[in-house]
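Every number here is computed from the coordinates shown, using simple stated rules; none is lab data. Since we're looking at a predicted model, the values are computed, not measured. No Cβ is skipped: glycine too gets one built from the backbone with ideal geometry, and neighbour counts run over all protein chains shown.
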Amino acid sequence: MVANGLAGPVFGVGCYQWALATTPSGIVLPIAATAPLLAMPIAYWLEGDRPSRRAVTGGIIAVAGCVALTLAR
C-alpha cells in the first residue's frame, strides 16, 4: 500500500509537473487526457469491467477537445 501511495501521488504528479516545466503544455495536456482511454482496456483486462459507450465517448471527447485546443493556438 505504501508503494502504491507513493507511486501515484509522488512519482506520477512529480513526472507530470516535470513534463509541464520542460515541455509546452499543448503537448503535455493531450497526452495526459488519454488516461481514461488507457485505463478502460486495462480495467477490462484485469477486472472484466466493460466500459459503457458513454464512458468511451466521454474519453474520446476529452482527448479530442485537448487536441483541438492545442491546434487552435
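Here r is the Cβ-Cβ distance between ALA35 and VAL2 and R0 is 30 Å; the resulting FRET efficiency, rounded to 0.05, is 0.85. Modelling each spin label as a point 7 Å along the Cα-to-Cβ direction, I'd like the THR23/ALA68 distance in nm, to one decimal. Roughly 2.3 nm, to one decimal.
Estimated from the Cβ-Cβ distance and a Förster radius of 35 angstrom, the FRET efficiency linking VAL13 and ALA55 is about 0.90.
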